[in-house]
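The values are calculated or read from the model by the stated rules, or taken from the named source; none is laboratory data. Just so you know, these numbers come straight off a predicted model, no measurement behind them. Backbone-built Cβ (ideal geometry, glycine too); neighbour counts: all protein chains shown.
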């Protein structure tokens, strides 16, 4: 039986996240536990939590799940797992074990589809060296899938979104535009080659990028997901108490992303992300509207955004390209805290 998961959802992937403005309001009511072994918590809105076990070992803990971002159940499982595991890589950790999180409408989807989603997740986790050792399933519509992941890291080698320093350059490892391309697919506007490219990118785990970061002792990074490039850069800037400048002309885009934006294919999540970030962001008067919205496009299983000391930028970029991350580009810089936390220009 042929199953098209996209027929069951309005917003898939990380576009289904609640707005960052709503999330910030909710987190105000969440008490923070006091424990000296909690090395990273939700205070800086980082990619994962980190808990110290001893002087040489800390645990990186994260969870992520969402509705289908593509039609095929197996591919959906792959992409959801890659996205979940990415948060551990963004912290410089090594993902080790995971639990499945599955919401499955048993009366509306065949068990074969359920099995294919889990198989996609298992295969992607195996590629990352992660062992799925259990999980939990409830009957719910529409279907949703993801992982709760635990990784290892040395307590003194944590990479955080608060590690950006003035003088650093910003490097992005994947193209932007998955939200736009997938929205265009629903509307019959996206080219098939762009859809295939978007899915290919979403299935690339950030392991190679994380290994390069660790090799060069990078201190500041985040991964780009539901809040878009600008939203996650803003969170990095606020956590680091700096201003980040993004040159949108230098940001690599997937295929016809710019053309689709110009034709009005702008997902709702981009407007929600803009609504949150606007008061913290300065916009160059020359900044093209389409590039502005590309900055806020919600990404699913996006790339790593690294804050890199200027003296090692060229060497690190060479290593990323050699590792197969050929779209890795310098897209901005970090300066001392100004009036705004984020500045977009072209």
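List the number of the failed condition for residue 73; all other conditions in (1) within 16 Å of the chain's Cα centre (by Cα); (2) crowded, with 18+ Cβ neighbours inside 10 Å hold. Of (1) within 16 Å of the chain's Cα centre (by Cα); (2) crowded, with 18+ Cβ neighbours inside 10 Å, only one is false for residue 73: (1). Residues that are part of a helix (DSSP H, G or I), in contact with a strand residue (DSSP E or B) (Cβ under 7 Å, 6 or more places away or on another chain) and under 16 Å from residue 158 (Cβ atoms) within the range 211-238 comprise 213, 236, listed in sequence order. Once the range 50-70 is narrowed to residues that are in contact with a strand residue (DSSP E or B) (Cβ under 9 Å, 6 or more places away or on another chain) and under 30 Å from residue 141 (Cβ atoms), the residue that is surrounded by the most Cβ atoms within 10 Å (Cβ to Cβ) is 68. When 231, 184, 188, 220 are screened for being more than 17 Å from the chain's Cα centre (by Cα), farther than 19 Å from residue 95 by Cβ and buried (at least 21 other Cβ atoms within 10 Å of the Cβ), only 184 passes. Within the range 40-48, identify whether any single residue is at positive phi, surrounded by fewer than 22 Cβ atoms within 10 Å (Cβ to Cβ), within 18 Å of the chain's Cα centre (by Cα) and not assigned by TED's automatic domain parsing to the domain that holds residue 184, and answer yes or no. Looking for residues that are at positive phi, surrounded by fewer than 22 Cβ atoms within 10 Å (Cβ to Cβ), within 18 Å of the chain's Cα centre (by Cα) and not assigned by TED's automatic domain parsing to the domain that holds residue 184, one finds at least one in the range 40-48, hence yes.
Hey, any hits in the range 244-251 for a residue that's modelled with pLDDT of 95 or more and closer than 30 Å to residue 155 by Cβ? Yes; the residues of the range 244-251 include at least one that is modelled with pLDDT of 95 or more and closer than 30 Å to residue 155 by Cβ. Mind listing whichever residues of the range 32-57 are touching a helix residue (DSSP H, G or I) at 6+ places or on another chain (Cβ under 8 Å) and assigned to a loop (DSSP other than H, G, I, E, B)? 32, 45, 46, 47, 48, listed by residue number. Note on the range 1-31: residues that are within 24 Å of the chain's Cα centre (by Cα), free of Cβ contacts under 8 Å to residues at least 12 places away in the same chain and either part of a loop (DSSP other than H, G, I, E, B) or more than 27 Å from residue 202 (Cβ to Cβ) (or both) amount to 4.
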